[in-house]
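J.: Here you go, one structure.
The values are calculated or read from the model by the stated rules, or taken from the named source; none is laboratory data. In this text, all values refer to a predicted model and were calculated from it rather than measured experimentally. No Cβ is skipped: glycine too gets one built from the backbone with ideal geometry, and neighbour counts run over all protein chains shown.
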Amino acid sequence: MRLVDHVRITPSARSKKPARTSAETGFYSFRNGANRVAFQSSIERGFVQLCDFANEVRHISWEPFSIEFRDLVDNRTRVYTPDYLVEINDREGQRYRYIVEVKERREADHIAAAGSASAAGRAHIAMMRWCREQTDCSFLLVTDEKLIEKGLPNAKAILDRASHRPERSLLDLILSGRLGEFPATLGSVIANAERYAYERGEIISAALHACAIDELWFDITRTWDEEAILRRGSRRRVFLR
């Protein structure tokens, strides 16, 4: 049974300045300074931060366009505007796009439970139909719970240390291998560096800074504790395609 028809892209009718719907409304500036992206909630801000962390993201835009479609359930023309368009480099270096809707988990569960019986559900169906007609595009529904699963808290901690300036001798000591070969647990790095009279807090900050500058990496989806395994090299992909 067809639920939607005549799906087409239209310019977004919304202002490029986000309406202040909460205290968590504003613009996020990317590390490279080339992108300034709007958000209207803490969840949207978290999603944009995760995109900033992901080196494979080449561009992100807020409410980039709308789709107009015919809702065959009630025979109405509807317009739906997704939250974000994210462009990444896939594993082969080719462009791939994600159309993203950001929701709280309970709202996403409500839409999923209603399915095609709700207008919001049919809007998502229309968006997915448009994406299937493209050769380089997928639709993603992202929740606050999914952001945590993807490692947002650790990504934030690493981004926070990007501008940190650890003592150069400590950073060199960590990266030199004199504390032991990598991969190594954070606990072993701390214990070995403490023998050189460095304090625990500065060792942890230096390790996170090394992750921020892509000298070390760890699985951000796992807990950042003394069992975290640090490896040499740049961060792994968030968007796995």
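J.: Of all residues in segment 86-95, how many are of a type outside the set (D, E, K, R) and modelled with pLDDT of 95 or more?
T.: 2
J.: Kindly check whether there is at least one residue in segment 55-74 that is touching a residue at least 60 places away in the same chain (Cβ under 8 Å), within 30 Å of ARG236 (Cα to Cα) and not β-branched (Val, Ile, Thr).
T.: Among the residues of segment 55-74, at least one is touching a residue at least 60 places away in the same chain (Cβ under 8 Å), within 30 Å of ARG236 (Cα to Cα) and not β-branched (Val, Ile, Thr), which makes the answer yes.
J.: Out of all the residues in segment 69-98, which are basic (Lys, Arg), over 26 Å from TYR28 (Cβ atoms) and either in a strand (DSSP E or B) or over 22 Å from the mean Cα position of the chain (by Cα) (or both)?
T.: Passing the criteria: ARG70, ARG76, ARG78.
J.: Further question: Out of curiosity, is ILE125 more than 21 Å from ARG235 (Cα to Cα), in a strand (DSSP E or B) and in contact (Cβ under 8 Å) with a residue 24 or more places away in the chain?
T.: It is false that ILE125 is more than 21 Å from ARG235 (Cα to Cα), in a strand (DSSP E or B) and in contact (Cβ under 8 Å) with a residue 24 or more places away in the chain.
J.: Same structure, new question: Taking only pairs six or more apart or across chains, which ones have beta-carbon atoms under 9 Å, a first residue in segment 207-231 that is at pLDDT 95 or above and crowded, with 16+ Cβ neighbours inside 10 Å, and a second residue that is part of a strand (DSSP E or B) and small (Gly, Ala, Ser)?
T.: Matching pairs, first to second residue: LEU230/ALA184.
J.: Counting only residues that are surrounded by fewer than 14 Cβ atoms within 10 Å (Cβ to Cβ) and either assigned to a helix (DSSP H, G or I) or modelled with pLDDT of 95 or more (or both), how many does segment 176-187 have?
T.: Looking only at that region, the number is 3.
J.: Would it be correct to say that LEU147 is within 30 Å of ALA193 (Cβ to Cβ), of a type outside the set (Phe, Trp, Tyr) and part of a helix (DSSP H, G or I)?
T.: Considered against the rule, which asks whether it is within 30 Å of ALA193 (Cβ to Cβ), of a type outside the set (Phe, Trp, Tyr) and part of a helix (DSSP H, G or I), LEU147 comes out as no.
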